[in-house]
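A short worksheet on the structure shown next.
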Amino acid sequence: YLRGDSASAEFAGSFADTTRRPPSKVPTTTALLTEVGRVVADAGAHVENNAIYLVFTPKFLTGTKFCARHGAGTIDGHPVAVAYLPGLTSVDGCQVPDSSNGVPAAAQAMVNSLAHELLEIMTDSLIDDRTAWRDAVGQEVADKCAWQFQRNARGYVTTRVGSYDWVLHPEWSND
């Protein structure tokens, strides 16, 4: 999926849209791309080629069938990826086992879902989502191990990010 290449990312900044209400229904990829383009322009910034834009909303919408999702498209001719990450407070099926790291469960669930979406974005085409890395049954790289949290003698396996140890489900590797 990365075929020996390495990947890196750089945090370029954040924008908050306080002028509009969060969506009342799950946004399509097209709606996410439109919103990102508007928010970036309103902030006086420019859409970057091959950038990843993360859209966080405060609540999980009734009827949503995923913890987070991603897509790709263009904004003003720039190929980009977007991920939609709704609030995951007390959402069945999106929670992570207790890591005893002092992080609220909703934040732990969000970080796990964010890691999942970022890895899938890195193995997708920004031009056409249908050319994403998929296995023989159609699962993307992070789907193959989703919610299969690993344990060791001390408890759940964690990944240190910043000053916290996070419980993240493993990601598929051909190694």
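The set of residues in segment 18-41 being in contact with a helix residue (DSSP H, G or I) (Cβ under 9 Å, 6 or more places away or on another chain) and open to solvent by less than 50 Å² (accessible area, probe 1.4 Å) consists of Pro23, Pro27, Thr29. Once segment 64-74 is narrowed to residues that are part of a strand (DSSP E or B) and either over 18 Å from Ser24 (Cβ atoms) or modelled with pLDDT under 90 (or both), the residue that is most open to solvent (accessible area, probe 1.4 Å) is Thr74. Checked against the criterion of being surrounded by fewer than 17 Cβ atoms within 10 Å (Cβ to Cβ), among the acidic types (Asp, Glu), more than 27 Å from Ser163 (Cβ to Cβ) and at pLDDT below 85, segment 75-91 has no qualifying residue. Leu61 meets all of the listed conditions (1) over 18 Å from the mean Cα position of the chain (by Cα); (2) open to solvent by less than 60 Å² (accessible area, probe 1.4 Å); (3) at pLDDT below 90 but one, namely (1). Filtering segment 126-145 to residues that are open to solvent by less than 30 Å² (accessible area, probe 1.4 Å) and either in contact with a Cys (Cβ under 9 Å, 6 or more places away or on another chain) or modelled with pLDDT under 80 (or both) leaves only Ala132. Taking segment 160-175 as the range and being touching a strand residue (DSSP E or B) at 6+ places or on another chain (Cβ under 9 Å) and either aliphatic (A, V, I, L, M) or open to solvent by 60 Å² or more (accessible area, probe 1.4 Å) (or both) as the test, the residues that pass are Arg160, Tyr164, Val167, Leu168. One residue stands out among those in segment 100-124 that are open to solvent by 30 Å² or more (accessible area, probe 1.4 Å) and assigned to a loop (DSSP other than H, G, I, E, B): the one that is modelled with the lowest pLDDT, which is Ser100. If you filter segment 76-104 down to residues that are hydrophobic (A, V, I, L, M, F, W, C) and touching a Ser or Thr at 6+ places or on another chain (Cβ under 8 Å), you find that the one that is farthest from Ala31 (Cα to Cα) is Cys94.
The values are calculated or read from the model by the stated rules, or taken from the named source; none is laboratory data. Quick caveat, the model's predicted, so the values are computed rather than measured. When we count neighbours, we look across all protein chains shown, and the Cβ atoms used for this are built from the backbone with ideal geometry, even at glycine. What goes into the accessible areas is simple: the full protein's heavy atoms, side chains included, and nothing from ligands, DNA or RNA. Shrake-Rupley method; radii C 1.70, N 1.55, O 1.52, S 1.80 Å.
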